[in-house]
Amino acid sequence: MHGARLNFLALFLIALVRVKTINLTELATGFRNEAKIESSYKRLQRFFRKFDLNYGLVAKAHIP
């Protein structure tokens, strides 16, 4: 993975833990970086627009 993609992934996972929601608007507030919240929101949108999620694996995941 490209360095920028890894950085985004780390920010994304930390934000998920912080805000405890998958709502992209709220998730963007959890990035806590130098970027504006609107920029983080657009970054999340671009990521999910191009990301191919395996819904079968997600459905099997059990996260307490």
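For the chain, applying the loop criterion from DSSP together with a ceiling of 10 other beta carbons within 10 Å to the chymotrypsin sites (Phe, Trp or Tyr not before Pro) yields F51. Largest first, the three principal axis extents of the alpha carbons in the chain are 36, 26, 18 Å in whole numbers. Ignoring lysines fewer than eight residues from K50 along the same chain, the ones with Cα atoms less than 19 angstrom from its Cα are K42. Ordered by the count of other Cβ atoms within 10 Å of each Cβ, fewest first, K60, K42 give K60, K42. Placing +1 on the Cβ of every Lys and Arg and -1 on the Cβ of every Asp and Glu, with nothing else charged, gives the chain a dipole about its Cα centre of roughly 80 debye. Counted by neighbouring Cβ atoms within 10 Å, the residues R43, R18, R5 run from fewest to most as R5, R18, R43. Couplings 3J(HN,Hα) of region 44-55, computed from phi: 4, 4, 5, 4, 6, 5, 9, 7, 9, 8, 7, 5 Hz, in residue order, whole Hz [Karplus 6.51 cos²θ - 1.76 cosθ + 1.60, θ = phi - 60°; x for Gly and Pro].
Since every read-out is calculated from the coordinates, none of them should be taken as a lab result. Worth saying up front: this structure is predicted, and the values here are computed from it rather than measured. As a convention, Cβ positions derive from the backbone with ideal geometry for all residues, glycine included, and neighbour counts pool all protein chains shown.
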